[in-house]
Amino acid sequence: MHNHAVDNPRPALPLPDKLFYKIGEVSRITGIESYVLRYWETEFPFLKPRKNKSGQRVYTKKELELILQVKKMLYQERYTIEGVRKRFGEGAAKTVEVRTIPESKPKISRSQQDAIGFIRKKLQDILNQIR
């Protein structure tokens, strides 16, 4: 017989009641790889876990809940990283570089592509004039 509880990667609620969680525990609970959690720290200013004396990241229960919320927004609700930042009021946090998820790009028509190309060219002309 198959135990379906083992096959289900979703975290069991409620979350374990602890003061701090190490990154490995957060990864197991949320189903998100550690490298993704570290990347999210660079993208979302509201996800900044403390580090303990040995330099390991330690997350609070609140941060764990935020991670689960971000996961839902990115993977189920199909927000972009920028969309999540805006939703959390961090839209101005990274104005230098805007990243998009390739599979979230909307399909655009040929006329829209032409319009975008025209606008790009005009913006480049403006940049060249002010340099």
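Every read-out reported here was derived from the displayed coordinates using simple, explicitly stated rules and does not represent laboratory data. Being a predicted model, the structure only gives us computed values, none of them experimental. Here the Cβ positions follow ideal geometry from the backbone for every residue, glycine too, while neighbour counts run over all protein chains shown.
Model label points for Tyr39 and Lys121, set 7 angstrom from Cα along the Cα-to-Cβ axis, are 3.5 nm apart.
For segment 26-33, putting each phi into the Karplus relation 6.51 cos²θ - 1.76 cosθ + 1.60 with θ = phi - 60° gives couplings of 4, 4, 5, 5, 8, x, 10, 4 Hz, in residue order, rounded to whole numbers and with x for Gly and Pro.
Each peptide in 122-130, 60-68 receives the mean, over its residues, of other Cβ atoms within 10 Å, and ordering these scores from highest gives 60-68, 122-130.
Under 5 Å from the amide H of Val58 lie the amide H atoms of Arg50, Lys51, Asn52, each residue being 5 or more positions distant or on a separate chain, with H modelled from the backbone and absent for Pro and chain starts. Give Lys86/Lys107; Lys18/Lys62; Lys51/Lys71; Lys22/Lys48 a once-over and call out the pairs whose C-alpha atoms are over 19 Å from each other. Correct reply: Lys86/Lys107; Lys51/Lys71.
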